[in-house]
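No lab work stands behind these numbers, since they all come straight from the coordinates. Computed from a predicted structure; not experimentally measured. Please note: Cβ atoms are built from the backbone with ideal geometry, for glycine as well, and neighbour counts cover all protein chains shown.
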């Protein structure tokens, strides 16, 4: 009896065996067959024509509630954030926070929809999205993102981070708002401890967010050391706290831009702590003049992913949720231009990001959930060189946005 499939991708090239072509059979949301020739028929048949087929893209970091707010807030924050050595990063955050005085769930949701539609078209099926959760934003951004999470659930898995952008010690009331955000459905406890004024307050910030995470059995994502100050130590604090609490692999560090100014002995110490904490780093090198030491982290055995970070907001004027574009920019900024380094960059927007976001059943393999892209490229090099949208996107085993 001839096998029946929901989708069959014919003549697909893969990263694992680029010299061969395969057929990929998809049924009931899963990849069920990867072989030289699938005999059965699919309800939809896609001829990849020898182009590259891979796992879909994962955006590990996006401030989604802020998308498309640049015109509202103006460019003063942008100038400060991108200033020499990022010495005015805190000033930039304070300037950018003014837009939150106008936060309303309805217009945020419209912007979020626009950004997520772009993401799906670009082959993103998983995302960790930050919503400012503080005494200015209150829960408006969280509610908008939770609404979008439900609306897009069939095509994109959205992890919503309750993010106290203005701190929790210096912004009394933010802690309780983070707690309420988790209670109404946010998935991840956020944090930005370096924004606090003293080392003691930074530790208190981390401790308070861990209390909420432990109470609700949630993972943690924190923006750490996001300024040009080699004396910042919140990446170390987060790793140490994760180890002390026995929550290895459940904390994720974002930015860590001060790392590029660390003395080498201190960098080695922090890398060892990250390995012990099983804690990866999400870098967004295109959105600031400093960035984490990505190649050195990889050599030290630390998992690194890339994120879009921002779309047309107070911190970055561009962005279209194209992870290929993000990797293309990173290849220049990080000087990762050999073929092997390009493969590592591709990992950072697919498998590495999925690992850090603890996404289950991910990958181009039999038995995994069918979240795939068919690219208009025959290699990772070509995919990064042109960073074109996929010709086909498959999410949860279904073809998204077009007919086969």
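Structure summary
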read-out: For peptides 48-57, 266-275, sequence by mean Cβ density within 10 Å, most packed first; value: 48-57, 266-275
read-out: Efficiency of FRET from Cβ geometry, residue 47 and residue 176, R₀ 35 Å, rounded to 0.05; value: 0.05
read-out: Stokes-Einstein D in µm²/s, Kirkwood radius over Cα pairs - region 84-181 at 37 °C with 0.692 mPa s viscosity; value: 229
read-out: Computed Kirkwood radius, in angstrom, where 1/r is averaged over Cα pairs of region 259-305; value: 10.9
read-out: Diffusion coefficient, µm² s⁻¹, Stokes-Einstein with Kirkwood Rh over alpha-carbon pairs of region 101-150 at 37 °C and 0.692 mPa s; value: 290
read-out: Residue 117 paired with residue 343, simple spin-label distance in nm, labels 7 Å along Cα-to-beta-carbon; value: 3.9
read-out: Convex hull of region 337-382 built on C-alpha atoms - directionally averaged projected area, nm²; value: 3.7
read-out: Whole-angstrom gap from region 90-107 to region 292-326, using each part's C-alpha centre; value: 22
read-out: Cα-projected label distance for residue 72 with residue 382, points at 7 Å along beta-carbon direction, nm; value: 4.2
read-out: Residues listed by number, region 98-117, amide nitrogen under 17 Å from residue 398 label point at 7 Å toward C-beta; value: 117
read-out: Simple spin-label estimate for residue 11 and residue 204 in nanometres, 7 Å along Cα-Cβ; value: 6.6
read-out: Rounded, prolate or oblate (a/c below 1.5 giving rounded, otherwise prolate when a/b exceeds b/c) for region 188-310 by Cα gyration tensor; value: rounded
read-out: Anisotropy class of region 109-245 from Cα gyration tensor, a/c 1.5 cut; value: prolate
read-out: Value of [θ]222 nm, deg cm²/dmol, for the chain, DSSP H segments ≥ 4, -39500 (n - 2.57) each, nearest 500; value: -10000 deg cm²/dmol
read-out: Relative contact order (%) - region 57-356, alpha-carbon pairs under 8 angstrom, separation at least six; value: 21
read-out: Three-way shape call for region 57-356 based on the alpha-carbon gyration tensor, with the a/c threshold at 1.5; value: rounded
